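Encoded as structure tokens, the structure appears first; notes follow it.
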Amino acid sequence: MPPRLGAVWPASSSLTHWGAFTATVESGDLASVTPLEGDADPSAALGNLPGSVRHVSRVTTPAVRRGWLDDGPAPSTRRGADPFVAVSWDELTDLLATELRRVIDTHGNEAIYGGSYGWASAGRFHHAQSQVHRFLNCLGGYTFSRHSYSLGATGVIMPRVVGTHDDLFKRSTQWDVIVEHTDLIVCFGGVALKNTGVNHGGTTAHPARNALNRFRDRGGRIVSFSPLRDDVDGPCEWFAPVPGTDVAIMLALAHVLATESLADREFLATHCTGYDRFERYLLGRDDGVPKSPQWAAPICGLAAEDLTALARRMADGRTIVTVSWSLQRTRYGEQTPWMGVTLAAMLGQIGLPGGGFGHGYGSMNEPGLPPLRCTLPRLPQGLNPVTSFIPVAAVSDMLLRPGEPFDYNGLRLTYPDIRLVYWAGGNPFHHHQNIPRLRRALSRPDTVVVHDPYWTPMSKHADIVVPSTTFAERDDFSGSRNDPVLMAMPKLVEPHASSRDDYDTFAALSRRLGVGDAFTEGRTSWQWLGHLYETWAQTLDFDVPTFDEFWQAGGTRLPVEDGLTLFADFRADPVRHRLGTRSGLIEIFCADIDAFGYEDCAGHPRWFEPTEWLGGPRARRYPLHLLANQPASRLHSQLDGGAASQKSKVSGREPIRVNPADARTRGLGDGDVVRVFNDRGACLAGVVLDDRVRPQVVQLSTGAWFDPADPADVDSLCLHGNPNVLTDDIGTSSLAHGCSGAHALVEIEKYTGTPPAVRAHRPPEMVSTSRTRSAPPPARPAPAP
Ligand SMILES: Nc1nc2c(c(=O)[nH]1)N[C@H]1C(S)=C(S)[C@@H](COP(=O)(O)OP(=O)(O)OC[C@H]3O[C@@H](n4cnc5c(=O)[nH]c(N)nc54)[C@H](O)[C@@H]3O)O[C@H]1N2
Ligand SMILES: Nc1nc2c(c(=O)[nH]1)N[C@H]1C(S)=C(S)[C@@H](COP(=O)(O)OP(=O)(O)OC[C@H]3O[C@@H](n4cnc5c(=O)[nH]c(N)nc54)[C@H](O)[C@@H]3O)O[C@H]1N2
Ligand SMILES: [Mo]
């Protein structure tokens, strides 16, 4: 391979989902990292990188759960509790190939769950999901998953309402347009700058903070609805509603627009369909309940006059209504973006510069950034002949209810009977709800395979653990659709212990299974990089450097499309630029959804009383509303052992922010360890008093590695503070079955006594066994459910 000249980007620079950096290397590890020059607002999570390659939590050898090795593939409640046996790479390849063959021959490819959801690392070639999907497709396919934990509800509802999901983000109204044209940003869920650090695939700049400052300098105002004051950094008008009541607030604002002749009836007639049906509901024509500010006030805990005054202000200037992604990660999550669009449509400013609707400003770096004029190089994943799939957040339901029917987006589907779960690049113990239930679900299949660089709780619950390299230990390149740089990611350090690239593991497995040529096409990973780049370059209508030139420079700039306003074309000409909905218009009433007849999602946006909220009966038992939001100090569970994440911990646990008034009534002080609990589970956390948190609300971010006090007990207390022991494993609705993990009702109490030490980042016990073999014994029949 040619030497790196570092002509444009320094030779030791690389890219993570949370930003670009230059590293120094010492003793085979990243020693220090410096944000890339020109990044105005680098992510704090870069601080987790030093020491991450040789961290104690790395998987150092291929490993097999002793019970699986001794007893053969079978359902087991010992997952997460058994010790592991180190095996050689050849033994691992033999064991895994034999087991894949057995499952496919006996149960068919449908019995493999290969959805393998997760963020893995930046990198177009070594992207773990692309690798595992390509590999499983070479073997005849797998049961797959649809959508994401990020946007489970939006991904189903918005194509039906505005005809697109991707364009809402990729072609969102740009920050520069908002800075120049917008008078008022009304944001539901704030514009949390902690989240804009991140972009899937990487980002070289973070302009959101600067944009908000320029917006304010021009006289722009921000109204934030959020239980947390710091969801907007700097001046704003803060309303702290009861969590989960945003739809009621939006309905109240809409009611004022409708009854005070402030709604743009022309826009509603020319660009929307079904406003009349919705208005009957809004005005209470059929149920006798007008959704007025007076109606909403006791639900959301805000003053009716304030909502009325705000609605008038919104109609009085250029207003953008923004909805954070968190608001659709709750039960009935479809309603919030749908109602947000409806409110913006009533204001009649959709498609006007700086007006209309936005989804995810402050959720990810991408919204507000100019999109590339081209696609990115991509590893072909082949075709999956298996048609069986689940909405991604139905994973426990699938494993626990094989053969049972379920609803999804107008379809009646059946859960497949999964025998082998294959995970590479994700951490279900981070992302999935109700961990005790997840652990029961993971005891059902015959075999669980996990590729990960680290001993995450998911690795510890696997039967076969495959040590992967991290991005720093291999050559790759990456970029994202709203960032102007395709960046080289050169190998910075040698692979740790006997870890191996996922590609090389799959190459060895596919050779052993007779599909080596199909998987590798005869290329090494370095040859693949050049191949992906050069085939991509041929599809472009502009010139890019050759691959060698690109690699030597360390990256290349790509052209972007500047000055976008979301749906500007559609506004200008709704016939020529019809939306991708059935009517071609914004569907405020959607006849298709109406016809599904779901009890939990109707034909137009409406208020559904949440299950986990302060206004319901459950709050009498669990009187605090927990926000399980994204962590400021890391990406999800990644590098939780790193310095930035560790610095945020309180008494060794994940911090839980508590309003001083709620702490007082419970006798809690800063730094106390508390037990956070409800009827689903419990965890420990470290108290931080903060009056920026609304009373009756507590905030415990996701991402602390699950650490059961007793690994053999599925209902065990988590010592470290993973909020997913508390969240409900229930889909947003029958329409999308999206993740609803953002909210849970809890109670907290002081933990008396000395709390047990956190062991989350320690590897599991490793033992030797006399019974290692190159092929597992035959599978035992599954016990009756
Ligand atoms: N309660 C609650 N739960 C939530 C959320 C919430 O708001 N509240 N948010 C949800 C959201 S939006 C998301 S996106 C999910 C995120 O959930 P995940 O994406 O599953 O979380 P990550 O921690 O990013 O997991 C990525 C894993 O990939 C591993 N990895 C990194 N590089 C490689 C590689 O090259 N190869 C392999 N094999 N592995 C690699 C990392 O070590 C890590 O274990 O969580 C969801 N869960
Ligand atoms: N630092 C960091 N950034 C990240 C990530 C990360 O792990 N770390 N993850 C990335 C990923 S994968 C995703 S999908 C996005 C997710 O982006 P989001 O889902 O938008 O992020 P959250 O932090 O969960 O929620 C944003 C804010 O919404 C507020 N909120 C919660 N519930 C309510 C409510 O009922 N009403 C109102 N009005 N406000 C509410 C909370 O105060 C919270 O801080 O973040 C991305 N950015
Ligand atoms: Mo996400």
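The values are calculated or read from the model by the stated rules, or taken from the named source; none is laboratory data. Everything quoted here is computed from the prediction, not taken from an experiment. Please note: Cβ atoms are built from the backbone with ideal geometry, for glycine as well, and neighbour counts cover all protein chains shown. The protein model used for the area step is the full one, side chains on, heavy atoms only, and it has no ligands, DNA or RNA in it. Shrake-Rupley method; radii C 1.70, N 1.55, O 1.52, S 1.80 Å.
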*Could you tell me whether region 35-45 includes any residue that is crowded, with 23+ Cβ neighbours inside 10 Å, within 16 Å of ligand 2 (Cβ to nearest atom) and in a helix (DSSP H, G or I)?*
yes
*So which residues in region 302-329 are assigned to a helix (DSSP H, G or I), within 16 Å of ligand 1 (Cβ to nearest atom) and of a type in the set (S, T, N, Q)?*
S326, Q328
*Among the listed residues R146, R65, which satisfies the condition of being among the charged types (D, E, K, R) and in contact with a Gly (Cβ under 9 Å, 6 or more places away or on another chain)?*
R146
_Count of region 507-525 residues which are assigned to a helix (DSSP H, G or I) and surrounded by fewer than 14 Cβ atoms within 10 Å (Cβ to Cβ)_ = 1
*Inside region 79-198, counting only strands (runs of 3 or more DSSP E) that do not spill past its ends, which hold 1 or more residues that are in contact (Cβ under 8 Å) with a residue 60 or more places away in the chain, open to solvent by less than 30 Å² (accessible area, probe 1.4 Å) and more than 16 Å from ligand 2 (Cβ to nearest atom)?*
84-86, 184-188
*asked:* Against the definition (open to solvent by 30 Å² or more (accessible area, probe 1.4 Å) and either assigned to a loop (DSSP other than H, G, I, E, B) or small (G, A, S) (or both)), how does G580 come out, yes or no?
replied: yes
*Residues that are within 14 Å of ligand 3 (Cβ to nearest atom) and within 12 Å of P367 (Cβ to Cβ), drawn from region 155-175*: F169
*If you go through region 386-397 one residue at a time, how many are buried (at least 17 other Cβ atoms within 10 Å of the Cβ) and more than 17 Å from D728 (Cβ to Cβ)?*
4
*Just checking, how many residues over region 205-225 are over 26 Å from L302 (Cα atoms) and either at pLDDT below 95 or within 16 Å of ligand 2 (Cβ to nearest atom) (or both)?*
5
*Determine whether region 353-370 contains at least one residue that is touching a strand residue (DSSP E or B) at 6+ places or on another chain (Cβ under 9 Å), without any contact (Cβ under 8 Å) to a residue 40 or more places away in the chain and more than 16 Å from ligand 1 (Cβ to nearest atom).*
no
*Just to be sure, is A254 within 12 Å of W607 (Cβ to Cβ) and within 36 Å of the chain's Cα centre (by Cα)?*
yes
*Test: residue in region 279-287 that is free of Cβ contacts under 8 Å to residues at least 12 places away in the same chain, touching a Phe, Trp or Tyr at 6+ places or on another chain (Cβ under 9 Å) and either open to solvent by 10 Å² or more (accessible area, probe 1.4 Å) or of a type in the set (G, A, S) (or both)*: yes
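A quick yes/no check of all residues on (1) open to solvent by 10 Å² or more (accessible area, probe 1.4 Å); (2) in contact with a Ser or Thr (Cβ under 6 Å, 6 or more places away or on another chain):
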position	(1), (2)
G340	no, no
Q349	yes, no
G358	no, yes
M364	yes, no
R373	yes, no
*Given the structure, is L726 surrounded by 24 or more Cβ atoms within 10 Å (Cβ to Cβ) and modelled with pLDDT of 95 or more?*
yes
_Just to check your reading of the model, which residue among A258, A248, A263 is among the small types (G, A, S) and either within 16 Å of ligand 2 (Cβ to nearest atom) or surrounded by fewer than 20 Cβ atoms within 10 Å (Cβ to Cβ) (or both)?_
A248
*region 677-689: number of residues that are in contact with a helix residue (DSSP H, G or I) (Cβ under 8 Å, 6 or more places away or on another chain) and within 25 Å of R229 (Cα to Cα)*: 2
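The rows are residues; the columns are (1) without any contact (Cβ under 8 Å) to a residue 40 or more places away in the chain; (2) within 16 Å of ligand 1 (Cβ to nearest atom); (3) out of contact with any strand residue (DSSP E or B) (no Cβ under 9 Å at 6 or more places or on another chain).
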site: L379; (1), (2), (3): no, yes, yes
site: L399; (1), (2), (3): no, no, no
site: P405; (1), (2), (3): yes, no, no
site: L413; (1), (2), (3): yes, no, no
site: A424; (1), (2), (3): no, yes, no
site: F429; (1), (2), (3): no, yes, yes
*Which members of region 305-326 meet the condition of being open to solvent by 10 Å² or more (accessible area, probe 1.4 Å) and either modelled with pLDDT under 95 or more than 25 Å from P353 (Cβ to Cβ) (or both)?*
E305, D306, T308, A309, S326
*Do you know which of the residues in region 199-226 that are open to solvent by less than 40 Å² (accessible area, probe 1.4 Å) and assigned to a helix (DSSP H, G or I) is nearest to G362 (Cα to Cα)?*
A208
*Does A462 count as modelled with pLDDT of 95 or more, outside any loop (DSSP other than H, G, I, E, B) and surrounded by 24 or more Cβ atoms within 10 Å (Cβ to Cβ)?*
no
_Could you go through region 632-652 and let me know if any residue there is over 18 Å from P755 (Cβ atoms), open to solvent by less than 30 Å² (accessible area, probe 1.4 Å), over 21 Å from the mean Cα position of the chain (by Cα) and within 16 Å of ligand 2 (Cβ to nearest atom)._
no
*Kindly indicate whether W238 is outside any strand (DSSP E or B) and surrounded by 15 or more Cβ atoms within 10 Å (Cβ to Cβ).*
no
*asked:* Could you tell me how many of the residues in region 241-265 are in a helix (DSSP H, G or I) and away from ligand 1 (no atom under 16 Å from the Cβ)?
replied: 14
